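> What follows is a single structure, and I will ask about it in a moment.
Values quoted throughout were computed directly from the atomic coordinates according to the rules given, and no laboratory measurement underlies them. All of these numbers come straight from a predicted model, not from anything done at the bench. Using ideal geometry, Cβ is built from the backbone for each residue, glycine included, and neighbour counts are taken over all protein chains shown.
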Amino acid sequence: MKRFSIWSLTIAYEIIQLYRRIFQPITLGVRVILINNDNLLFVKHTYMYQDKWYFPGGGLKPGESPEQAARREAREEVGADLGELRLIGVYPNQEARNSDNIIVFSCSNYSLPQEFHKNNRNLEIASSQNFQIQNLPTNLAAGHQRWIEDCLQQKAILGFTLG
């Protein structure tokens, strides 16, 4: 049953991507760089064909602010309750088209449920993992390296701590 559900999710994802390529509506998404003691939390999605690591995030729902969407997506994808969010920037989605933009936040004050990584499996998330900033995976999704660099630059300029 789960295999059919993941397959259905993949087909739905491809249909949405085709619609976006044809009609090109302006869309907004969010990503959250979750930082804990120089570790960054990444997820792999079940519905993406690429074997890439992403920051938790997704699209905004109608009437939802970017901050509300970031909090909802972090809770849905990794079970995180977020504290203060810092805006890192707004970027074009390098994996989609020019009319899709991603608002990137960072958060170093968040909580995860106990036994999080062992139990975090659902239809959307295949796996999740913390990586040290100095030892990031080579298969990061497009744009993520720049977002990390921008986050670290803000840290240096504003003087906030990562962990």
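> Quick one: divide the alpha-carbon radius of gyration of the range 41-112 by 2.2 N^0.38 Å and tell me what you get.
Here the answer is 1.11, to two decimals.
> Check ILE88: other-chain or 5+ apart residues with amide H under 5 Å from its amide H, H built from backbone geometry?
Sorted by chain and number, the residues that satisfy this are VAL104, PHE105, SER106.
> Quote the FRET efficiency, to the nearest 0.05, computed for ASN135 versus GLN68 with a Förster distance R0 of 35 Å and r equal to the Cβ-Cβ distance.
It comes out at approximately 0.60.
> Please compute the length gained on full extension between TRP7 and LEU123, using 0.36 nm multiplied by the number of residues separating them and subtracting their Cα-Cα distance.
Between TRP7 and LEU123, full extension yields an extra 40.8 nm.
> Under 19 Å from a point placed 7 Å out from the Cα of ASN101 along the Cα-to-Cβ direction: which residues of the range 40-66 have their backbone N that close?
57-66
> Sticking with this one: Give me the number: length gained by fully extending ASP38 to ASN109, i.e. 0.36 nm times residue separation minus the C-alpha to C-alpha distance, one decimal in nm.
24.3 nm
> Tell me which residues come under 5 Å, amide H to amide H, from LEU123 once H is placed; ignore anything under 5 positions away on its chain.
Amide H neighbours of LEU123, under 5 Å, 5+ apart: none.
> How much net charge surrounds ASP150 when only other residues with a Cβ under 15 Å from its Cβ are counted (Lys, Arg +1; Asp, Glu -1)?
Surrounding charge for ASP150 is +3.
> Here is a follow-up. So for the range 13-66, what percent of the C-alpha to C-alpha distances run longer than 18 Å?
Details: 707 of 1431 pairs.
Of all Cα-Cα pairs in the range 13-66, 49 percent lie more than 18 Å apart.
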